[in-house]
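Nothing in this text is a laboratory measurement; each read-out follows from the coordinates by a stated rule. Just so it is clear, the structure is predicted and the values come from calculations on it, not from any experiment. Note that each Cβ is placed from the backbone with ideal geometry, even for glycine, and that neighbours are counted across all protein chains shown.
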Amino acid sequence: MSGMEIYATLIAILESGLRLCVPLVFACLAGLWSERSGVVDIGLEGKMLVAAFASAAAAGATNSAVIGLGAGIIASIGFALIHGFAAISQRGNQIVSGVAINMLAAGLTALVGNAWYNQGGRTPPLEGNARFQPLTWPGAETIDQIPIIGPIYAHLLSGHSALAYCALVATFLSAFILRRTRFGLRIRAVGENPAAVDTAGVSVVRLRYSAVIIAGILCGFAGSYLALGQAAGFLTNMTAGKGFIALAALIFAKWRAWPALGACFLFGLLDAVAIRLQGVMVPGIGQIPVQAIQALPYLMTVILLAGFIGKAIPPKASGLPYVKER
Amino acid sequence: MSTPIELPKWADVSLVPILAVIVAFLVAGLVVLGIGENPVKATVLLIQGALGSGEGIGYTLYYATNFIFTGLAVAITFHAGLFNIGGEGQATMGGLGAALICLNLDFLPWYIVLPLAILGAMALGALWAFIPGYLQVKRGSHVVITTIMFNFLAATLVVYLLVNVIGKPGSMSPETRVFAASAHLPYLHEALAYFGLKIPKSPLNLSFVLALLASAFVWITVWHTKLGYAIRTVGHSPTAATYAGISIGRITLISMAMSGALAGMLAVNEILGVQTRLLLEFSSGYGFIGIAVALMGRAHPVGIVLASILFGMLYQGGTELSFEMPRVTRDMIVAISGLVILFAGALDGLIRRPVAGVFARFLKSGA
Amino acid sequence: MNPMAGQAPAIALSGIDKRFGEVRANSNVNLAVASGSVHGIVGENGAGKSTLMSILYGFYEADRGTIHIHGNQVRIRSPKEAIALGIGMVHQHFMLVEPLSVIDNVMLGAEGGPILAKGEAQMRAALAQLAETYGLVIDPDAVVGDLPVGLQQRVEILKALVRGADILILDEPTAVLTPDEAEQLFVLLRTLAAQGKTVILITHKLNEIMAVTDNVSVMRRGEMVATLKTAETSPAQLADQMVGRHVLLDVSKGPAKLGPVRLSVEHLIIRDAHSSLRVKDVSFEIRAGEILGLAGVAGNGQSELLEALAGIITPTLGSITLDGQDLITLAPTPAERREQGVLHIPEDRQRMGLVPAFSAAESMILGFQSDNAFGTGPMLSTAAIQTHTAKEMDLYDIRPRDASLKTAKFSGGNQQKIVLAREIEHRPKVLLVGQPTRGVDVGAIEFIHKRLIALRDAGVAILLVSVELDEIMSLSDRIIVMCGGVITGERTPETTSDRDLGLLMAGVTERAA
């Protein structure tokens, strides 16, 4: 392989890694908001799935990707509110609630999808305006010809769907709001010590519901990207564990927004590499087992959680219902 | 609000879970209505499919076997105050354990290879739960997150092995060769035919008997052994356990390992009993439904067996129903499981509170 | 200090009632706090001080009674409303978010707008101002969790002041402070009062009251029993008021037949999980046939001492020996202590001594679950533990006589009898007893006391930890008093009085007049 070819391959892998990390970023940020406020969310997967289904269904019906996105967000918020009601108002077990959300979403989307479209749970393929098409930046094709820098512009910066750029904006906004605003300060506080927030005269319940709804919105973006950006419609169980990878990335990022972006990109890249290496003989090594690469995010998370490299400490009050005590 | 809602014991173990299931079914009924089918008719078809024929009953009990194993696995950790949601991964590893024994030793007679294969399934299942337990005890990482990660690790490990190491040579599909006949756990209709009894053919196999034995074993362990006493003490009150000289770490390890072994036994039913080869995704969500079963069965073996039979009916009846009413697929059952987990678990208070209110009024007027 | 005549008091509470289920935490409490004064509130644990202050801060609403702030009648339904009325509170357990910076903590709930930057600039200026006025210097960018406790408390005070509090409530503020830090705090409180702020100081340390307050109110069992000018009272009088005249218990006991030294504790030092010092160099011994009473206000190291002796926590330094054998190395765990004959009736029976969700029979074997009497090998025999429990229930008159009834369904007295029966019947050499009659009805108290005396007469060495002075006085052969993790004195019931013990408990070590 020539140097140019290797470079082209590298660009292709990076490009694919970027695409694959978009839903992870949204879902990971969703988990970040929820858990920073003290509500553990293992239902990211389920919320993404309902959003993917609702967005595909609505986009197909209206031939509008934007309306699809709106429907995805609304469906995801609906499920987020079930989780919020169980976790915040009913003080139920948040893990149990998350598991329930995931199963409910998996069952309902497949069931309703099959009943409505009769295609084994898929929605009809979407095209044109019903999808988020890649946005080509000005002059991408011409600039692509410039060696080295050209492909970076044409394939890494340009050529992604609007939602991919939204992921970047969402990361920036999450980081900014959490770090620089009143609401963010209160969210950071309520996940660590809700009693401090309560005694400062701020409603713990309202804060946590807000965070859970934000998580719903972000999962709505994640699911819509899957159905309207990455794929062309809904497939049963199309999230395929992405919600849990996002959870792993969240731990990896130690519950911070920019590192979350980094962790998701890393995991997206691993996925891209795994796809690329499928069946490829690497000179001198032989065939690299794809599964070893696929297992890395989970393995790294376990190792990190166990404190073998650094230490990931979740927000202190996450998972605990707040009961006023004196 | 924060005080536990007091109910008579019988209401707690029977009325509340039954109401939770009823609410879950009502919601499911609305969904059926929403997709333009008649929920009453669907229910009738479902029950007929599950119990209307000998074959149907066989299938129902075959599915129930899976749920008993995974339900017991979740329940035993509940008693220790833990939450093992890694049943899927432990079952997958159980399948690997059974397959490794069978692939290497199935030239031996059944009375050697079958017990070894069952032990193999239990051992690898136990290992896959023991490690998260160990990491919690020694390194402080929570079992919930670790077991989730271990589900995926088990899945990728088994894919790798099936593709690269133990897969059937020359086959494109990732599965092992079929085990020799000595490593097949007999179907119940075969076993009973040996004694001259004739029952309809179904995948129901001797694992069902093992599942009942496992239920008895869990019941005896939890309520009639010193170990069970220690497990329940840790689950109810870690401070009292420390006072009583019970090591919380040791109990965590033991209950996780027992839980993993039980989840691993799912493979006995699926791999040794039915598939007779290792293949991908044979655990197909049974591990998660075990959570619903454990919650509904109030973590008691009798409740778990009953809840498992209910879910077995849903699975079998659901399959039949999807033939008659193609719009109502078996995914319905997954949704119902989710609803049961929601109403018998996280939203439990929503049902208990009104029930407790009724009881309080009833007791007051009765006094 | 003369409260200005004619001016309405900063706070006037009248007829405050608050019930929690059966417990009357406050009954008909009246209190007037003069503006610009430091007002102390003293009382034993559970006297109702914290409940009263929680009502004032809007955590609870009183069942009955009225609150006036600066002469205006108000309803305080939430901390938010309390803050708006100019009330600030420094909680005993700090309400701080440890991973956040000082400035973030101070701003929380008073951010001054949706974007932090603007409010933050103002807040920094306010902090600088407060640093100048009161000497409350602090680095606004320090992470709170990294600060020493004294400075964390300063953050709490600053939180109240920047919100414009002119009434400041401090709940046991010196419990976590070193003497130096406490001294600084008192100077600050005087300065605040001099600037016109009103300070309420809740404490059980009488020397603090004498040092810093203008007026002092005494609470006892939910009632406000006296309000006095500090200058016109004495620690002795306050101790008297705090302890009150308890019903004298009728415990007949003969002289102790002292045996050899059973348990010997030398130079014991205990740090808690947060590595703060709870027990500081404590030494004592207990002889066979003797009850050693350990008096003290709760939270002064008695609990940690008891748990260390039982093997539940490991002391940092020092030795514990039983009949000359070193228990810390030979029997480090609770199970091994139990085997050596060191048995333990814990202070908190709900969380430690029993499992409320278990049947009485199951609670009756807690700690002895591995005993072969209750089942052979790995098995646990329900029949055996039921029979055993039925027998114990008869012996100790535990009602109802239902071994399979849930432990939580028994009354406090009967629950305590379950623990008592269990520990006594396993023939202790040393019995560690914590708060044996807390939440126990009168009949059961007498029963429990008689059993403990009988045990002592049978030659058991007993350590009795209690906050009830009358219990300590009537049962003990010898009394030691702990305050702040050290033994402040040793007495015998014959040579001491409630008042004398009260002073020792309050940390006043010189014999008061």
>> Quick check for me: using +1 on Lys/Arg Cβ and -1 on Asp/Glu Cβ, what's the dipole size of the protein assembly as shown about its Cα centre, in debye to the nearest 20?
In response: 1580
> Put a dot 7 Å past each Cα toward the Cβ at C:V442 and C:R399; how far apart are the dots in nm?
Replying inline: 1.5
> Put +1 on the Cβ of every Lys and Arg and -1 on every Asp and Glu Cβ in the stretch B:16-366; which of B:M313, B:L347, B:G120 then has its Cα farthest towards the positive end of the dipole?
Replying inline: B:L347
> If R0 is 22 Å, what FRET efficiency do you get for C:K257 and C:E425 from their C-beta distance, rounded to 0.05?
Replying inline: 0.50
> So how tilted is helix A:94-117 from the main axis of chain A? Cα-based, degrees 0 to 90, rounded to 10.
Replying inline: 50
> What FRET efficiency would be calculated for the residue pair C:Q237, C:F20, taking the C-beta separation as r and a Förster radius of 30 Å, to the nearest 0.05?
Replying inline: 0.45
>> Compute, for the stretch B:16-366, the length of the dipole vector about the Cα centre, with Cβ point charges of +1 (Lys, Arg) and -1 (Asp, Glu) only. Units Debye, rounded to 20.
In response: 940
>> Going 7 Å from the Cα of B:H224 along its beta-carbon direction, which residues of the stretch B:180-217 have the amide nitrogen within less than 15 Å of the resulting point?
In response: B:213-217
>> Given points 7 Å out from each Cα along the Cα-Cβ axis, report the B:I35 to B:S173 separation in nanometres with one decimal.
In response: 2.6
> Relative to the longest principal axis of chain C, what angle (0 to 90°, nearest 10) does the C-alpha long axis of helix C:382-395 take?
Replying inline: 80
>> Quick check: the angle from helix C:442-457's long axis to the longest principal axis of chain C, C-alpha only, nearest 10 degrees?
In response: 50
> Hey, any idea what Rg/Rh is for the protein assembly as shown, computing Rh the Kirkwood way over Cα pairs?
Replying inline: 1.00
>> Just to verify a number: FRET efficiency for A:I67 and B:S284, C-beta to C-beta distance, R0 = 35 Å, to 0.05?
In response: 0.50
> Gaussian network model of chain A, Cα springs within a sub-10 Å range: biggest mean-square fluctuation belongs to which of A:Q94, A:Q133, A:Q145?
Replying inline: A:Q145
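Based on the Kirkwood radius over alpha-carbon pairs, what is the Stokes-Einstein translational diffusion coefficient of chain C at 10 °C with 1.306 mPa s viscosity, in µm²/s?
Values: Rh = 25.1 Å.
For the chosen part, D equals 63 µm²/s.
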>> Let me spell out the model: positive unit charges on the Cβ of Lys and Arg, negative unit charges on the Cβ of Asp and Glu, origin at the Cα centre of the stretch C:261-505. What dipole size does that give, in debye rounded to 20?
In response: 480
> Using the Cβ atoms and a cut-off under 15 Å, what net charge is assigned to the surroundings of C:A10, where Lys and Arg are +1 and Asp and Glu are -1?
Replying inline: -1
>> For Cα pairs less than 8 Å apart in space and 6+ apart in sequence, what is the mean separation divided by the residue count of chain B, i.e. the relative contact order in percent?
In response: 34
> Which value in nm describes the separation of the simple spin-label points at A:I285 and C:S411, placed 7 Å from the Cα toward the beta carbon?
Replying inline: 7.6
>> Could you compute how fast the stretch A:34-186 diffuses translationally, taking Rh as the Kirkwood radius over C-alpha pairs and applying Stokes-Einstein at 4 °C with viscosity 1.567 mPa s? Give it in µm² per second.
In response: 72
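Give me C:L263, B:L108 sorted ascending by neighbouring Cβ count inside 10 Å, so fewest comes first. It would help to have the intermediate numbers written out before the result.
Numbers: C:L263 24, B:L108 16.
Listing C:L263, B:L108 from fewest to most nearby Cβ atoms yields B:L108, C:L263.
Which GluC sites (Glu not before Pro) from the stretch C:319-400 combine a DSSP loop assignment with at most 12 other Cβ atoms within 10 Å? Show your work: numbers first, answer last.
On the way: sites: C:E336, C:E339, C:E347, C:E362, C:E392; in loops: C:E347.
Answer by residue number: there is no such site.
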>> For a test of understanding, tell me how many lysine pairs in the stretch C:11-243 have Cα atoms under 20 Å apart, given they are 8 or more places apart or on different chains.
In response: 9
>> Cut-off is 10 Å between beta-carbons; in what order do A:I251, C:I312 appear when sorted fewest neighbours first?
In response: C:I312, A:I251
> Which of B:K226/C:K409; C:K417/C:K450; A:K254/A:K316 have a Cα-Cα distance over 18 Å?
Replying inline: B:K226/C:K409
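Quick one: net charge around C:A110, please, counting Lys, Arg +1 and Asp, Glu -1 for every other residue with C-beta under 12 Å from its C-beta. Show your work: numbers first, answer last.
Details: positive: A:R182, A:R186, C:K80, C:K159, C:R163; negative: C:D104, C:E111, C:E120.
Local net charge: +2.
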> Kyte-Doolittle mean at least -0.5 and Cα extent at least 20 Å along the axis: which DSSP H helices of chain B qualify?
Replying inline: B:16-34, B:54-79, B:87-105, B:110-139, B:143-160, B:207-224, B:248-264, B:301-324, B:348-366
> Per residue, what volume in Å³ does the convex hull of the Cα atoms of the stretch A:1-119 enclose?
Replying inline: 151
> Which residue, chosen from B:G260, B:S207, B:I166, occupies the Cα position most advanced towards the positive end of the dipole of the stretch B:16-366, where the dipole is computed from +1 (Lys, Arg) and -1 (Asp, Glu) charges on Cβ about the Cα centre?
Replying inline: B:G260
> Hey, if you put +1 on the Cβ of every Lys and Arg and -1 on every Asp and Glu Cβ in chain A, which of A:I293, A:A274, A:V212 ends up farthest toward the positive end of that dipole?
Replying inline: A:V212
> Between A:L10 and A:F176, what length in nm is gained on full extension when 0.36 nm per residue of separation is reduced by their alpha carbon distance?
Replying inline: 56.6 nm
>> Taking the Cα centroid of the stretch C:427-450 and of the stretch B:19-35, what is the distance between the two, rounded to the nearest whole Å?
In response: 55
> For the stretch B:278-336, which GluC sites (Glu not before Pro) are in a loop by DSSP, counting at most 13 other Cβ atoms within 10 Å?
Replying inline: B:E281
> Of A:A257, A:A75, A:A100, which has the largest mean-square fluctuation in a 10 Å C-alpha GNM of chain A?
Replying inline: A:A100
> Looking at the stretch A:29-99, which trypsin sites (Lys or Arg not before Pro) are DSSP coil and have at most 16 other C-beta atoms within 10 Å of their C-beta?
Replying inline: A:R91
> In the Gaussian network model of chain B, springs joining C-alpha atoms below 10 Å, which of B:I112, B:I289, B:I57 carries the largest mean-square fluctuation?
Replying inline: B:I112
>> To make sure I understand, if each residue's beta carbon is the centre and we count other beta carbons within 10 Å, what order do B:T43, B:T233, A:T123, C:T496 fall in, fewest to most?
In response: B:T43, C:T496, A:T123, B:T233
